[in-house]
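The values are calculated or read from the model by the stated rules, or taken from the named source; none is laboratory data. On a predicted model such as this, the values are computed, not experimentally measured, just so you know. A quick note on method: Cβ atoms are made from the backbone with ideal geometry, for glycine too, and the neighbour counts reach across all protein chains shown.
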Amino acid sequence: MSRIYSFWDFIRRHKFIVVAVFFTVMIGFVDEDSFYNRYLRNQEISALRAEMMRYQNRYENDTRALNDLQTSRDAVVRVAREQYFMKYPDEDVYVVMDAQKEPEKTETDETAVED
């Protein structure tokens, strides 16, 4: 019984400190809009903004490349030769690859394996 009395006596004497600690814990950790949850959401927002910037840059580069392909025959030839390894009938093309890297799979590689 004396333990309960001493506990209530402590709370009665230091009620402002107890209330301040209680609200700090509630606001900081327990509440739905706690500082911890806000920190996690801000981290997620930062990651999503970085992803948006990557997609925006990719969109701009693809738009620029598409405009080049629509306006310039040289750009079409360059893309065909670099990405699809196309060549003129009277020339030889040698593809040099880094020994450390694996070759990237293209759509033609995947369809050849399925057939």
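Identify all residues within segment 65-95 that are under 32 Å from the mean Cα position of the chain (by Cα) and exposed (fewer than 10 other Cβ atoms within 10 Å of the Cβ); write none if there are none.
If the condition is that a residue be under 32 Å from the mean Cα position of the chain (by Cα) and exposed (fewer than 10 other Cβ atoms within 10 Å of the Cβ), then Q70, E82, Q83 are the ones that fit.
Under the condition of being out of contact with any Lys or Arg (no Cβ under 8 Å at 6 or more places or on another chain) and at pLDDT below 80, which residue from segment 86-95 is nearest to A65 (Cα to Cα)?
Among residues in segment 86-95 that are out of contact with any Lys or Arg (no Cβ under 8 Å at 6 or more places or on another chain) and at pLDDT below 80, the one nearest to A65 (Cα to Cα) is V95.
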